[in-house]
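Okay, structure first, notes after.
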Amino acid sequence: MEKKNIDWGNLGFSYMETDKRFVSNFKDGAWDEGALISDGNVTMSECACVLQYAQTCFEGLKAYTTQDGHIVTFRPDLNAERMEASAKRLEMPVFPKERFIDAVVQVVAANEAYVPPFGSGATLYLRPYMYGKNAVIGVKPADEFEFRVFCTPVGPYFKGGVKPLTIRVSDFDRAAPNGTGHIKAGLNYAMSLHAIVSAHEEGYDENLYLDPKTRTKVEETGGANFLFVTKDNKVVTPKSGSILPSITRRSLVHVAKEYLGLEVEEREVYLDEVKDFAECGLCGTAAVISPVGKIVDHGKEICLPSGMTQMGPITKKLYDTLTGIQMGRIEAPEGWIRVIK
C-alpha cells in the first residue's frame, strides 16, 4: 500500500486523524460485534457517565515497521490484560483479550498507509479506551459502554537527541494507598495535570511522586515508572501497590536479566537513597526510557553521575536492546512481537 504523503522525520508527538478506528458497544449485558468506522467523532448524552463521573480507562501501545519490512505491535496481550484489570476496578465490563488484540490488528491493518517507514524515527501510536456512555445523574456505574481503538502516527519523543530530564519531588500525591494508582484510569491523569503544569512553570520536566502514606518512598511520575542503576550496575525498580505496572518496565527488567545478564531488584526505593544511584530513567511507551540527570527535592539537588548530556551506559544498553527487539534488529522472546503484515 502506498504511504500517505507525510513528512515522517518531522512528526511531533501529537494527534493526526487517520482513516479508520474500531468501535464496539456494550448494551443489555453484552458487547456487540464491533466494526471499523470512518467517523472520528463521538456523540453521547450530556449526562453520560464518563462526563459526570470520569468512568473511563485507556491503554497505549505502538505499531512499528521492522528492519525486514514487517508491520508489528509489541506485547498487545499485556495491554489487554491491564485494561481488564482497569475495567474490573472501575465497574466496567471486560472487553475480551482476544477481541482486544484483534481490534488492534484491524486498526493497524486498515491504517497501513499511516504506519511510518523503518528508519524514520516515527511509529504508529494506538489508543484503546473504554467509557461509560449512557446518562447517569446519581453516583453509580453506567449500564452502556463503548470500546474504541484509534491510531495516529507520531514522531520520536525526543527531538534532536536524548537530553536528560530535570525533575522535582512533588508535594502532590498521585494516588491514594488503596486507590486507583495501579490501573490506567483517566482520572489518575486528570489528577496529575495541575502538578505537571506547575512543574513546567517552575522549569522542571516532570514530577517525582512519593508514596502518599509515608512520603519517604519513590513511586512514579505522572505517566512513567522509575528505573535506577546502582554504582555496581544493578538495576532497581520501585515496588508498590499504587504504581501502574508498566509494560515497558516489565520488558526492560526481562532484557536486563536475560539479555544483559544484570542483577535486578524490584523493591521499595527510599528517596534518601536516590543520591547513591549512578543512573535514573523514566520508562514508558512513548520514549522507552527517558534519562534523568537531576532530581530536585525542595531546593536540594540530587545530580546523577550519568550527567545532563546523555544516557548512562547501562540505561543506553537497555534502551538499545529493547528498541532493537521492537524494530526486528534483535531476536525477540517468544510472544513479544505480533506480526500484522
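Readers should treat all values here as calculations from the given coordinates under stated rules, not as data from a laboratory. Small disclaimer: the values here were computed from a predicted structure and weren't measured. Neighbour counts are summed over all protein chains in view; Cβ atoms, including those assigned to glycine, are modelled from backbone coordinates with ideal geometry.
General observations
- Overall Cα dimensions of the range 1-87 - principal axes, largest extent first, Å: 45, 27, 25
- Relative contact order, percent, the range 226-270 [alpha-carbon distance under 8 Å, six or more residues apart]: 47 percent
- Positive-pole candidate from Ala224, Val236, Leu210, dipole of the range 206-249, charges at beta carbon: Val236
- Sequence-ordered 3J(HN,Hα) estimates for the range 114-120 from the Karplus curve with 6.51, -1.76 and 1.60 and θ = phi - 60° stand at 9, 6, x, x, 4, x, 7 Hz, glycine and proline given as x.
- Length-normalised contact order for the chain - Cα pairs under 8 Å, 6+ apart - percent: 19 percent
- Karplus-derived HN-Hα couplings along the range 145-156 (A = 6.51, B = -1.76, C = 1.60, θ = phi - 60°), whole Hz, x at Gly and Pro: 9, 10, 10, 9, 9, 10, 9, 7, x, 9, x, x
- Virtual spin-label span in nm between Thr214 and Asn178, 7 Å along Cα→Cβ: 1.9 nm
- Selected from Val94, Val288, Leu304, residue furthest toward positive end of dipole (the chain; charges at beta carbon): Leu304
- Counting only Cβ charges, +1 for Lys and Arg and -1 for Asp and Glu, the dipole size of the range 1-88 around its Cα centre is about 220 debye.
- Set of aspartates and glutamates near Lys27 by C-alpha distance (under 15 Å), chain-local residues within fewer than 8 positions excluded: Glu91, Asp143, Glu144, Glu146
- Placing unit charges on the Cβ atoms only, positive for Lys and Arg and negative for Asp and Glu, gives the chain a dipole magnitude near 340 debye about its Cα centre.
- Candidates per GluC sites (Glu not before Pro) in the range 194-292, loop by DSSP, up to 16 other Cβ within 10 Å: Glu202, Glu263, Glu268
- Long pairs among Lys184/Lys275; Lys163/Lys217; Lys217/Lys294, criterion Cα-Cα beyond 19 Å: Lys184/Lys275; Lys163/Lys217
- 13 Å Cα-Cα reach of Lys239 towards aspartates and glutamates, excluding residues that sit fewer than 8 places from it in its own chain: Asp211, Glu219, Glu220, Glu265, Glu266, Glu268
- Amide H within-cut-off set for Arg329, under 5 Å, with H built and near neighbours excluded: Gln67
- Here the gap between Lys140 and Asp297, fully extended at 0.36 nm per residue and compared with their Cα-Cα distance, gives a gain of 52.5 nm.
- Relative to the current alpha-carbon distance between Asn5 and Tyr189, full extension at 0.36 nm per residue lengthens the span by 62.9 nm.
- Dividing the summed helix terms, -39500 (n - 2.57) for each DSSP H run of n ≥ 4, by the number of residues in the chain produces a 222 nm estimate of -6500 deg cm²/dmol to the nearest 500.
- Placing one equal scatterer on every Cα of the chain and applying the Debye formula, the log10 ratio I(q)/I(0) at q = 0.08 Å⁻¹ is -0.39.
- Cβ charges +1 (Lys, Arg) and -1 (Asp, Glu), total dipole of the range 211-341, debye: 320 debye
- Length gained on full extension, Glu201 to Lys234: 8.4 nm, using 0.36 nm per residue less the C-alpha separation.
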